[in-house]
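Read the structure below first, then the notes.
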Amino acid sequence: MARITQLFNYHLPIDSPEPEIFGYSRRISSQQWSSLLCGISSGCLTPPVLEMPIQDLSLATTTTYDIDSFIAKAKCLSVASKGVRIQFSPSCQKNISSDIHLFSKIEEKLPSGKVHINQVPLHHIPHFYLGHLASSVHLTLYVFLPGLWNKNVTKNSYISNHHLQQWMDIGFIPAILQHCPADVVQHLPLSFTSASMNIFARGRELGIQETRFESGKRQELHYFLSGK
Amino acid sequence: MITFSERAGYTHFQEMFLLMNAKDLKLQLKSSSIGGAWELFTNMLEGDIDFNCLDERFQFLDLGQEVSCLEKSATCFFRTCCLEKRLWEIRKSSPGLKSTTYSWALTTATANQTLAYSKCSSQYENGLIYSQLYSPLMSLFDAGSTYPFQNSSLDYLSLSPEIFKLWQSSGSGGERFQVNLEKLEKSYTHSRDRVLLALKAAIQHKRSFGIRQEHRLSFQLFNSLKHRSEEIGFSQLPSSCYMQNSEEICHFLYANFLRFGLALEYTAIKLKACSVEQSHDLSRIFRMFFQLQKASFSNTLLQAQGNLWNSQTRIGEKRVPGLGLKEKLAIYRFCWLASSVMDWNKWVFEKIFSQSIAFN
């Protein structure tokens, strides 16, 4: 390996690259290119084989363990014993977009009346980010809506604003109003639409430079709901 | 919420469930034993999760094991041959296994590997879902999951400015084509300078890198392993791995990366000065070097890049030549280019490539 590095360093120009500058305009000879890219020179027409030196294997090592992720289905929001920070207008950028190699069963009623069970990868099931647990932003909670899964659009996990609005305005927010005391409720945006406008308020209302109105930076607003 | 999902007009919300997805915890939950890592996890939660509310049949953890050398400037590598042998053995007992081996820096020196066990396999049934074996060396280039040259629009840099202008000004499609070449050049140099800086810093600080394996397991399987750390730990480097001097590794990566970057930027200058007719081949040469540069400093799935991997690919009736790196790896353990690919003096493709659609 050192031999190949040496070969490269011998032929690489010392003035390249300059930080932040794109392009190299000085001449490099064909002999230099042959050595750098093909590993050959006029004296040696066979490229070198990459050799890795054998090192002493008796060197001491340490072994450590860690838990990098924890993924679990929860039955209800009571899973967040100490509360949860909720986003009433969730960002679809937080959706699980890569394959996490876990599946969930979704029943499909066939025209024949029979029921077919599909094993659907989680990242293909429509879902949205609800918020995170009180102790850490790394403990995130998602709401999965298998009823919105469509066999023909398997790769789309996003929820339309229409469905999000229904879920928030007709399902979730009335439940909060029923269970949370008035001193908490008074701090919350109580509709999906007003929450959606709030997250763009800073991006669209402040500042003096012209931007396209529909753009603007999101402000990831979360509201704490106690676990009690 | 359940009552709501049963109401007429809202039944599409039936069967909804919550998913807890806690990730990026490895630095917070490092311990000398598996049980210790679990204890750190429960301490971190401080009673934040009511485990009784979790679905017992659907709880998974990513358990990581890292073996590191105590010396300075030492890098541990998996032996590619051992990874392949191990894969062959697992495959025998794991029907439907999907494995991917990512070669490192255009060499056979080491590799990263991922294994996705089929739902029908005994491994999956016993709670082992997915495994990955990799070198934390790649974390040198990981900026919160943004890796160098990840911007897929960078390929537009392979167009000559003249073609680019023509493209942007042609018709309604062109008007929508809002790519700023200057911005892309900055994106390229930022990635390039970031790679070089990371390698320089690693050399300067005599950094060491271990090996990591991470397995997605069911909670039940995790519990059965929790007290068995001693059986699977290593006090010496396992024979399936070997050690290299980090400085040597980083100097090699630096030069390997630079040579393709130099060829790419040499082509970029020629692209700016060439005629529209000449630009087609130069654009393809640019794309070839860009693919090689992206593979030169970290792990890549070379096999998926037909133009690089095969010496020839069939597309319908056509036979498209490639760089044949598969053969080069077998002979030299390193991806040298054949001298017949280009006329290095005139900086044009040799006939077999210029008359083909390779790197189009």
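The number of residues in region A:95-119 being under 27 Å from A:LYS217 (Cα atoms) and more than 10 Å from chain B (Cβ to nearest Cβ) comes to 2. Among residues that are over 26 Å from the mean Cα position of the chain (by Cα) and more than 9 Å from every other protein chain (Cβ to nearest Cβ), B:GLN204 is not included.
Might you let me know whether region B:93-111 holds any residue that is exposed (fewer than 13 other Cβ atoms within 10 Å of the Cβ) and within 30 Å of A:CYS38 (Cβ to Cβ)? So that I can check it myself, show each step before the final result.
Our first condition is that a residue be exposed (fewer than 13 other Cβ atoms within 10 Å of the Cβ); within region B:93-111, this holds for B:93, B:95-96, B:98.
Subset that is within 30 Å of A:CYS38 (Cβ to Cβ): none.
Checking region B:93-111: not a single residue is exposed (fewer than 13 other Cβ atoms within 10 Å of the Cβ) and within 30 Å of A:CYS38 (Cβ to Cβ).
When we screen B:GLU71, B:GLU39 for residues that are touching a residue at least 60 places away in the same chain (Cβ under 8 Å) and not in a strand (DSSP E or B), the only hit is B:GLU71. Contact map, region A:47-58: first residue within 24 Å of B:LEU70 (Cα to Cα) and at pLDDT 75 or above, second residue among the β-branched types (Val, Ile, Thr) and crowded, with 17+ Cβ neighbours inside 10 Å, Cβ cut-off under 9 Å, separation 6 or more or different chains; pairs are A:MET52/B:THR107; A:MET52/B:THR110.
If only residues of region B:1-52 that are aromatic (Phe, Trp, Tyr) and at pLDDT below 90 are counted, the one that is nearest to A:THR64 (Cα to Cα) is B:PHE13.
Yes/no per residue for (1) in contact (Cβ under 8 Å) with a residue 40 or more places away in the chain; (2) more than 27 Å from B:PRO148 (Cα to Cα):
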| site | (1), (2) |
| --- | --- |
| B:ARG259 | no, no |
| B:ASP281 | yes, no |
| B:PHE290 | yes, no |
| B:ALA295 | yes, no |
| B:ALA304 | no, no |
| B:ASN307 | yes, no |
| B:THR313 | no, yes |
| B:LEU325 | yes, no |
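Yes or no: B:PHE41 facing chain A (nearest Cβ under 7 Å) and hydrophobic (A, V, I, L, M, F, W, C)? When the stated conditions are applied, B:PHE41 passes them. So for region B:128-135 (the condition being closer than 25 Å to B:ASP193 by Cβ and of a type in the set (Gly, Ala, Ser)), does at least one residue qualify? Yes: one or more hits.
So, of the residues in region A:159-181 that are assigned to a loop (DSSP other than H, G, I, E, B) and in contact with a strand residue (DSSP E or B) (Cβ under 8 Å, 6 or more places away or on another chain), which turns out to be farthest from A:HIS127 (Cα to Cα)?
Among residues in region A:159-181 that are assigned to a loop (DSSP other than H, G, I, E, B) and in contact with a strand residue (DSSP E or B) (Cβ under 8 Å, 6 or more places away or on another chain), the one farthest from A:HIS127 (Cα to Cα) is A:CYS180.
Name the residue that is nearest to the other protein chains (Cβ to nearest Cβ), counting only residues in region A:14-28 that are among the hydrophobic types (A, V, I, L, M, F, W, C) and without any contact (Cβ under 8 Å) to a residue 12 or more places away in the chain. Per the stated criteria, the residue is A:PHE22.
Could you tell me which of the residues B:ARG216, B:ARG212 is charged (D, E, K, R), at the interface with chain A (Cβ under 8 Å from one of its Cβ atoms) and in contact (Cβ under 8 Å) with a residue 40 or more places away in the chain? Write out each step before concluding.
Numbers: B:ARG212 fails: at the interface with chain A (Cβ under 8 Å from one of its Cβ atoms).
The conditions single out B:ARG216.
B:LYS85 passes every criterion in (1) of a type outside the set (Phe, Trp, Tyr); (2) assigned to a strand (DSSP E or B); (3) under 28 Å from B:PHE252 (Cβ atoms) apart from (2). Taken as a whole, region A:29-50 holds no residue that is more than 30 Å from B:GLU327 (Cβ to Cβ), within 7 Å of chain B (Cβ to nearest Cβ) and hydroxyl-bearing (Ser, Thr, Tyr). Please determine, by comparing only the residues of region B:259-273 that are over 15 Å from A:SER30 (Cα atoms) and within 7 Å of chain A (Cβ to nearest Cβ), which one is surrounded by the fewest Cβ atoms within 10 Å (Cβ to Cβ). Per the stated criteria, the residue is B:ILE269. Candidates are the residues of region B:317-359 that are assigned to a helix (DSSP H, G or I) and either within 25 Å of B:GLU265 (Cβ to Cβ) or among the small types (Gly, Ala, Ser) (or both); the one that is farthest from the other protein chains (Cβ to nearest Cβ) is B:SER354.
Taken over region B:240-251, the criterion of being surrounded by fewer than 24 Cβ atoms within 10 Å (Cβ to Cβ) and either more than 7 Å from chain A (Cβ to nearest Cβ) or within 20 Å of the chain's Cα centre (by Cα) (or both) is satisfied by B:SER240, B:CYS241, B:ASN245, B:SER246, B:GLU247.
Can you tell me which residue in region B:33-78 is farthest from the chain's Cα centre (by Cα), limited to those that are more than 19 Å from B:ASN112 (Cα to Cα) and among the aromatic types (Phe, Trp, Tyr)?
Filtering first and then ranking leaves B:PHE51.
Taken over region A:53-76, the criterion of being among the hydrophobic types (A, V, I, L, M, F, W, C) and more than 7 Å from chain B (Cβ to nearest Cβ) is satisfied by A:ILE54 alone.
Quickly run through region A:102-128 and pick out the residues that are in contact (Cβ under 8 Å) with a residue 12 or more places away in the chain and in a loop (DSSP other than H, G, I, E, B). Working first, answer last.
Restricting attention to region A:102-128, the residues satisfying the condition of being in contact (Cβ under 8 Å) with a residue 12 or more places away in the chain are A:102-106, A:108, A:117-128.
If the condition is that a residue be in contact (Cβ under 8 Å) with a residue 12 or more places away in the chain and in a loop (DSSP other than H, G, I, E, B), then A:LEU102, A:ILE125, A:PRO126 are the ones that fit.
For region B:58-81, the candidate set comprises residues that are farther than 24 Å from A:GLU51 by Cα and acidic (Asp, Glu); within that set, the residue that is surrounded by the most Cβ atoms within 10 Å (Cβ to Cβ) is B:ASP62.
Entry remark, region A:129-158: residues being touching a strand residue (DSSP E or B) at 6+ places or on another chain (Cβ under 6 Å), closer than 18 Å to B:GLN14 by Cα, within 7 Å of chain B (Cβ to nearest Cβ) and not in a strand (DSSP E or B) number 1 in total.
The values are calculated or read from the model by the stated rules, or taken from the named source; none is laboratory data. From a predicted model like this one, the values you see are computed outputs, not experimental measurements. Note: ideal-geometry Cβ built from the backbone for every residue, glycine included; neighbour counts use all protein chains shown.
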